[in-house]
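For reference, the structure discussed in these notes is given below.
The values are calculated or read from the model by the stated rules, or taken from the named source; none is laboratory data. Computed from a prediction, not measured in an experiment: that's the story for all the values here. All Cβ positions, glycine included, derive from the backbone under ideal geometry; neighbour counts span all protein chains shown. The protein model used for the area step is the full one, side chains on, heavy atoms only, and it has no ligands, DNA or RNA in it. Shrake-Rupley method; radii C 1.70, N 1.55, O 1.52, S 1.80 Å.
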Amino acid sequence: VEGVTLTLGTTSNTYIKDDTVTLTVEKKGTDIVTVTAKNGDTDVALTEVQEAAQDEAAAQATTEKAKTVYTFTMPDGDVTISVTKDAKTYAVNVAPLTNGEITASAKEAAEKETVTLTAKPATGYALKAGSVKVTYKDADNTDKTVEVKAGTEANTYTFAMPAYPVNVSAEFVKEYKVTAAPAENGTVTVD
């Protein structure tokens with residue numbers, strides 16, 4: 001699996017029954033890696049002896065790999081080790097709003113995934129221009145803003161998910177009508 005390296009504790013791939021086998025799993029990035037060991041159709045219990053030496057945010061900010069060490073007891077038969085990788089997802093938190101609501105296309109999203117926000121103003125209200133904001137705190141706890149783009153449909157907006165949970169906010173304002181009164185000797189138009 002790309003970005004994941006498995007290493008056995010010895011140079012030999014051959015063990016005898018009841019040997020303790022050490023398996024080191026190194027991964028790049030923040031994807032969730034699941035390691036399974038099977039003897040035929042039977043699961044072999046993996047014991048985690050050393051957790052990844054750094055948190056996911058640090059793994060994201062550096063090229064250093066996160067490393068986890070497992071051990072298992074060799075059964076009476078061959079063992080097949082497999083790896084699956086799932087993209088880590090991050091929460092999309094929408095702030096409670098007055099005079100309208102914003103809904104997100106996903107409650108969680110993976111890094112770089114496009115999330116669509118839909119604004120639903122209450123009757124007599126409109127979404128204030130430029131008020132849709134998506135923010136997050138980075139590994140250094142610094143506030144960052146995500147670029148929000150207008151969607152293809154009215155009252156929709158999109159953004160690319162960062163590798164952090166995000167907070168979505170917006171402001172709804174009272175909507176007023178402007179009506180042009182009939183004029184003599186000409187016309188008055190309202191943009």
Selected from ALA119, ALA106, SER82, residue furthest toward positive end of dipole (the stretch 82-134; charges at beta carbon): ALA119
The whole-number value in µm²/s of the Stokes-Einstein translational diffusion coefficient for the stretch 88-134, with Rh from the Kirkwood sum over alpha carbon pairs at 10 °C and 1.306 mPa s, is 134
Excluding GLY40 itself, what net charge comes from residues whose Cβ is under 11 Å from its Cβ, given Lys and Arg +1 and Asp and Glu -1? -3
Solvent-accessible surface (1.4 angstrom probe) belonging to ILE32, in square angstrom, nearest 10: 80
Can you give me the solvent accessible area of THR7 with a 1.4 Å probe, rounded to the nearest 10 Å²? 60
Bin by bin, in steps of 10 Å, what percent of the Cα pairs in the stretch 59-141 do you find, going until the bin that has the longest distance? 11, 30, 23, 16, 12, 6, 3, 0
Within the stretch 159-190, which chymotrypsin sites (Phe, Trp or Tyr not before Pro) sit in a loop by DSSP and count at most 12 neighbouring Cβ atoms inside 10 Å? TYR176
So how strong a dipole does the chain carry about its Cα centre when Lys and Arg Cβ are +1 and Asp and Glu Cβ are -1, to the nearest 20 debye? 620
Given the convex hull of the Cα atoms of the chain, what is a quarter of its surface area in nm²? 16.6
Leaving out ligands, DNA and RNA but keeping every protein chain, what accessible area does ASP43 have, in Å² rounded to the nearest 10, with a 1.4 Å probe? 110
Cα pair distances exceeding 17 angstrom across the stretch 104-181, given as percent: 51
Quick check: from the Cα gyration tensor, does the stretch 140-191 come out rounded (a/c under 1.5), prolate or oblate? prolate
In square nanometres, what is one fourth of the surface area of the convex hull spanned by the alpha carbons of the stretch 1-50? 4.5
Suppose R0 equals 45 Å; then what is the FRET efficiency for GLU147 and GLU48 from their Cβ-Cβ distance, rounded to the nearest 0.05? 0.70
Residue-normalised accessible area of the chain, given per residue in Å² at a 1.4 Å probe: 66
What is the percent carbon and sulfur in the accessible area of the chain, measuring with a 1.4 Å probe over the protein chains and ignoring ligands? 47
Report the net charge of residues surrounding PRO162, where surrounding means a beta-carbon distance below 11 angstrom and charges are Lys +1, Arg +1, Asp -1, Glu -1. -1
For the chain, build the charge dipole from Cβ charges (+1 Lys, Arg; -1 Asp, Glu) around the Cα centre, then report which of ASN185, ILE32, ALA95 sits farthest towards its positive end. ASN185
